[in-house]
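The values are calculated or read from the model by the stated rules, or taken from the named source; none is laboratory data. Because the structure is a prediction, the values reported are computed rather than measured. When we count neighbours, we look across all protein chains shown, and the Cβ atoms used for this are built from the backbone with ideal geometry, even at glycine. Note: areas computed on protein heavy atoms with side chains; ligands, DNA, RNA excluded. Shrake-Rupley method; radii C 1.70, N 1.55, O 1.52, S 1.80 Å.
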Amino acid sequence: MTAYAIAHLQEAAPHPEIAEYIARITATFEPYGGRFLVHGTAHEVKEGAWPGHVVVIGFPSIVKARAWWDSDAYQAIAPLRARHIEGDIVLVPGVSEDYDATDTAQTMLEALAVR
């Protein structure tokens with residue numbers, strides 16, 4: 001099942017280390033089947049506030065996403081970003097193609113009825 005690395009990164013002043021990180025990151029996730037789905041694009045805020053940037057990298061599985069994050073190759077470049085850009089990064093598994101949110105709603109309603 002597909003998984004995603006999602007980053008919400010704050011604005012940062014341009015820096016050579018950030019450029020180096022961007023130049024090197026693709027080589028770190030390609031061996032794990034990763035690819036950029038969102039990077040360097042504008043986002044449209046519909047509710048709340050979302051300053052900064054959004055990055056989404058897709059992986060074939062959560063196992064592959066974790067392996068990429070923990071890899072020596074990624075960990076070697078991560079400080080280049082972390083020294084200059086604050087943000088939040090999560091790894092999250094996707095849902096199956098047959099996922100139906102009404103099943104989740106039904107489970108929630110049933111749990112509420114038990115109370």
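Some values worked out for this structure:
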| read-out | value |
| --- | --- |
| Descending semi-axes in Å of the chain, equivalent ellipsoid built from Cα gyration tensor | 32, 19, 12 |
| Under Karplus coefficients 6.51, -1.76 and 1.60, residue-wise ³J(HN,Hα) of the stretch 57-62 in Hz, glycine/proline x | 10, x, 10, x, 7, 5 |
| Ellipsoid semi-axes in whole angstrom, largest first, where each is sqrt(5λ) of the Cα gyration tensor of the stretch 36-86 | 24, 16, 9 |
| Low-density loop cleavage sites - trypsin sites (Lys or Arg not before Pro) in the stretch 1-110, where at most 13 other Cβ are within 10 Å (DSSP) | Lys46, Arg83 |
| Where the chain is the region considered: accessible area per residue in Å², 1.4 Å probe | 68 Å² |
| Dipole magnitude of the stretch 1-100, debye to nearest 20 (Cβ charges: Lys/Arg +1, Asp/Glu -1, about Cα centre) | 280 debye |
| Percentage relative contact order, the chain, counting C-alpha pairs under 8 Å, at least six apart | 44 percent |
| The stretch 1-87: GluC sites (Glu not before Pro) in DSSP loop, at most 14 other beta carbons within 10 Å | Glu11, Glu44, Glu47, Glu86 |
| Under 14 Å, Cβ to Cβ, from Ile85 - net charge with Lys/Arg +1 and Asp/Glu -1 | -3 |
| Solvent-accessible area, 1.4 Å probe, carbon plus sulfur percent, for the chain | 58 percent |
| Radius 12 Å from Cβ of Tyr32, net charge of other residues (Lys, Arg +1; Asp, Glu -1) | +1 |
| Calculated on alpha-carbon atoms, Rg and Dmax of the stretch 4-46 in Å | 12.2, 35 |
